[in-house]
Amino acid sequence: MKNFSLTFFDKKILSLFTIVLMTSISAIIGGDLHAQVDTKADKKADEAPLTKQDGTVTVDPANVANSLKASNLKHLKKLKSSFYNIGEKDKYDVIMKSYVDATITLSERKYIEARRKFEQNQTDINESAKGLTDKYKEKYAKMYADYSYIVVDLKINAKSESVNSSYEKYLAAANEFQTTAVEQAEKGNYTEAVYSYKNGILNLIRIPYFISKNKNKNLKVAEKISKNLLIEDDYVPKEIIKDYDDSKELIFEEREKEREKERAAIRKGITSKLGGDVTPEVNPEAKKDPQAGVEK
């Protein structure tokens, strides 16, 4: 009978062979599993939540999409008057359509896609505001120069040294908004730059408004009617009434219709109260008042 016992050397060889075989099998199985994981990862790459740049915090795309939705809507509301008043309604309609499309995608619970659409809409809004920024910058510069001259002229010709202080405050406030606008534009935040320029322009317009208000404060009712000074907006010079509406985020054409209704209602009220039309009295030419137009 043959002896099948293995020598020490044979056992060593068999042991090494077994290790090599097991290693090969593990590598094959591991490779297959790794391939399957990669495939699944690739397949779901677009479905995975996006992360912040540092890669440490996972961002919920649904929350981000809703946040962008609210932010974009705020900008669309505030910028609407700008696009309409400068005759670029078509540009506004394009970014509004993009916003609506993103909103529909969000309602379908396609959060990743909705987030990306809102991000693109945000970019489009800001880029559109970049063009507006240039227009407001130019408008502001001209108005600031014009009203600075008027304020200085009033201060020189006024009897009281403090007669013009409130107008200087409006100039200072406007200048602060302009500084903010420039800073925001340099950062690429063009929507915020537009808002700052509009606030600056509103402060500048307060200067001619109060000048007119004080100049005509002693007029009788008939004289106010003859000069069409029936509502507060009538004290704003006609050549800048559109800028006035725009600075208050109002659409000029819509506000004009509202003003006409307001004037008509006031005329009707005066006529009804006095029992007939009011005609201004013929008065001698008023003496020039060196302090006329100064806010008190």
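Of the residues that sit in the stretch 185-217 and are among the basic types (Lys, Arg) and part of a helix (DSSP H, G or I), which one is nearest to the chain's Cα centre (by Cα)? Among those residues, the one meeting the criterion is Lys198. The single residue among Ala286, Ala292 that is open to solvent by 50 Å² or more (accessible area, probe 1.4 Å) and either modelled with pLDDT under 60 or not basic (Lys, Arg) (or both) turns out to be Ala286. Could you go through the stretch 78-85 and let me know if any residue there is at pLDDT 95 or above, open to solvent by 70 Å² or more (accessible area, probe 1.4 Å), in a helix (DSSP H, G or I) and aliphatic (A, V, I, L, M). Checked the stretch 78-85: no residue is at pLDDT 95 or above, open to solvent by 70 Å² or more (accessible area, probe 1.4 Å), in a helix (DSSP H, G or I) and aliphatic (A, V, I, L, M).
Could you identify the single residue in Leu202, Leu219 that is in contact (Cβ under 8 Å) with a residue 24 or more places away in the chain and open to solvent by 20 Å² or more (accessible area, probe 1.4 Å)?
Of Leu202, Leu219, the one residue that is in contact (Cβ under 8 Å) with a residue 24 or more places away in the chain and open to solvent by 20 Å² or more (accessible area, probe 1.4 Å) is Leu202.
Can you tell me how many residues within the stretch 230-239 are out of contact with any Lys or Arg (no Cβ under 9 Å at 6 or more places or on another chain) and either modelled with pLDDT under 95 or open to solvent by 50 Å² or more (accessible area, probe 1.4 Å) (or both)? So the answer is 2. Of all the criteria given as (1) within 21 Å of Lys139 (Cβ to Cβ); (2) touching a residue at least 24 places away in the same chain (Cβ under 8 Å); (3) buried (at least 20 other Cβ atoms within 10 Å of the Cβ), the one not satisfied by Phe210 is (3).
Could we say that Ile156 is over 27 Å from Gly200 (Cβ atoms), in a helix (DSSP H, G or I) and open to solvent by 80 Å² or more (accessible area, probe 1.4 Å) here?
Here the answer is no, as Ile156 does not meet what is asked.
For the condition surrounded by fewer than 19 Cβ atoms within 10 Å (Cβ to Cβ), hydrophobic (A, V, I, L, M, F, W, C) and in a helix (DSSP H, G or I), Ile125 does not qualify.
Taking the residues in the stretch 95-133 that are among the aliphatic types (A, V, I, L, M) and without any contact (Cβ under 8 Å) to a residue 12 or more places away in the chain as candidates, determine which candidate is farthest from Gly188 (Cα to Cα).
The initial filter retains those residues of the stretch 95-133 that are among the aliphatic types (A, V, I, L, M), namely 95-96, 100, 102, 104, 106, 112, 114, 125, 129, 132.
Narrowing the set further to residues that are without any contact (Cβ under 8 Å) to a residue 12 or more places away in the chain leaves 100, 104.
Numbers: Val100: 25, Ile104: 29 Å.
Per the criteria, the residue is Ile104.
Just name the residue that is least open to solvent (accessible area, probe 1.4 Å) out of those in the stretch 103-121 that are in a helix (DSSP H, G or I) and more than 25 Å from Lys91 (Cβ to Cβ).
Among those residues, the one meeting the criterion is Ile112.
Scanning the stretch 216-256 for residues being farther than 24 Å from Asp146 by Cα and among the hydrophobic types (A, V, I, L, M, F, W, C) gives a total of 7. Hey, any hits in the stretch 88-100 for a residue that's outside any helix (DSSP H, G or I) and open to solvent by 50 Å² or more (accessible area, probe 1.4 Å)? No, the stretch 88-100 contains no residue that is outside any helix (DSSP H, G or I) and open to solvent by 50 Å² or more (accessible area, probe 1.4 Å).
A quick yes/no check of all residues on (1) open to solvent by 60 Å² or more (accessible area, probe 1.4 Å); (2) out of contact with any Phe, Trp or Tyr (no Cβ under 6 Å at 6 or more places or on another chain); (3) part of a helix (DSSP H, G or I):
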| residue | (1), (2), (3) |
| --- | --- |
| Glu223 | no, yes, yes |
| Ile241 | no, yes, yes |
| Glu249 | yes, yes, no |
| Glu254 | yes, yes, yes |
| Lys257 | yes, yes, yes |
| Glu260 | yes, yes, yes |
| Arg263 | no, yes, yes |
| Ile270 | no, yes, yes |
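The values are calculated or read from the model by the stated rules, or taken from the named source; none is laboratory data. These numbers were taken from a predicted model, which means no experiment stands behind them. Cβ: placed from backbone, ideal geometry, glycine included. Neighbour counts: every protein chain shown. Note: areas computed on protein heavy atoms with side chains; ligands, DNA, RNA excluded. Shrake-Rupley method; radii C 1.70, N 1.55, O 1.52, S 1.80 Å.
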